[in-house]
Amino acid sequence: MRDFWTIFKQSFWTKVKTKSFVITTIIVVAGIFLMANLSSIISKVQEVGVFGDGTDKDTIYVIDDSGSLMAQLQEQLDAKDSDLTLKSTTEPVQELEKQVKDEKITSFLVLQLNDSDTIQATYTSKNANAIEQPMTLREALQNVQTNLKANSLELTGEEVAQLFAPIQFEQDAVSASSKSEEELSEARGLVYVLIFVIYFAVLYYSNMIAMEVATEKSSRVMEIIISSVSPVKHMFAKIAGVGTLGLLQIVLFGLAGFVALKTSSSDLTSGVFSFFGFSNVSVSTMIFAVVFFLLGYFLYATLAALLGSLVSRTEDVQQLLLPMTFIILIASFIAFTGLGNPEATYVQYASYFPFFTPLVMFLRVGMLELPLWEPVLGISILLITIFILGWFGSRVYRGGVLMYGASQSLKDIKKAIQLGKK
């Protein structure tokens, strides 16, 4: 065990001290704090203004040919607590267009009423990709139009309210594993984020192991190591060392996210956080996320170490890892598409295929009320597969680390096994 821990510590501390690890961790942590406070930052930027020439982007110049629409529109905007302010102007449209091009003003609105009392509005801005302001104005003008039509039909306010009263629509499910639509909405965003984290971590750290093995072979250090340590012990020490590194980094990201959300001035129940459901995080979901991350990592890390032992140059690693990358991509594709319908038949079957289980079974656990035996069965399948792959991988690794020369084909696995028997 002394040799195992020596290689374990060497794999762990060598990676921890690298500039790439430190810089990546700092950037991601900073990004987490930035995203948690993004709405506050945007608000501050909006307060100080984003135009260097002093232009107020919340001021919209209005040409009101009707003489009455602008006041009603401002009332609707104020009722919606909108920051938009309307300012009347009598300048010609051509002059206003020139001012928009020169960025003296951000936009203007032309309001007209036709013979049937239908509002005709034209919103002009510099770019056609403006979305927020036109949408706000459209909704407010629609309310003004409703009031105009109600007055022309001599409808009372109560009659208008009855006319536009929303229906009561509820969605129930008879499936015992199905959650309510509200619960699904809360879980969907969080599960999406965790699936992405598991996918990225499994792919990234597995590739790191393969590159590590290939680097040691290309520098001939492997020959010295194997002469004093058994190849099997070396393989599992590498997997454990990089796995601990990955777990440490994920824990750091998790702690940074927790602190960022707790110290954020943003409301975790509104805005983007209402989609991610961070205000109602299930403990069981987080536990399963850790479990499936670890099992998924050990599964793919063992496979990556096996494949990495077959190559002698780091340039060949990515080509040999291509089949494994495709498997992870397919698993992530099934998981992401299953977010819309986690009870789909193909999602259920895929969750029991060991190379898909870490992502797809976790999707089902997070989105559905599954009986305990289903995730336990998935975890058992993963453990059995990891054991078999570890046994087979150790046989390949034992001979693969001694193979040199051009090796870019999976057919070399047979050669590695034969060499390991000698």
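The values are calculated or read from the model by the stated rules, or taken from the named source; none is laboratory data. Owing to the predicted nature of the structure, the values given are computational and were not obtained by experimental measurement. FYI the Cβ positions are ideal-geometry reconstructions off the backbone, even for glycines, and counts take in every protein chain you see.
So which helices (runs of 4 or more DSSP H) are wholly in the stretch 147-263 and hold at least 3 residues that are over 29 Å from the mean Cα position of the chain (by Cα) and modelled with pLDDT of 70 or more? Walk me through it before giving the result.
Details: elements: 157-163, 181-218, 221-228, 231-263.
So the answer is 157-163, 181-218, 231-263.
Just one of the numbered conditions (1) modelled with pLDDT of 80 or more; (2) touching a Lys or Arg at 6+ places or on another chain (Cβ under 7 Å) is not true of residue 50: (1). Restricted to the stretch 125-153, and to residues there that are out of contact with any Ser or Thr (no Cβ under 6 Å at 6 or more places or on another chain), of a type in the set (Val, Ile, Thr) and surrounded by 12 or more Cβ atoms within 10 Å (Cβ to Cβ), the residue that is nearest to residue 98 (Cα to Cα) is 144.
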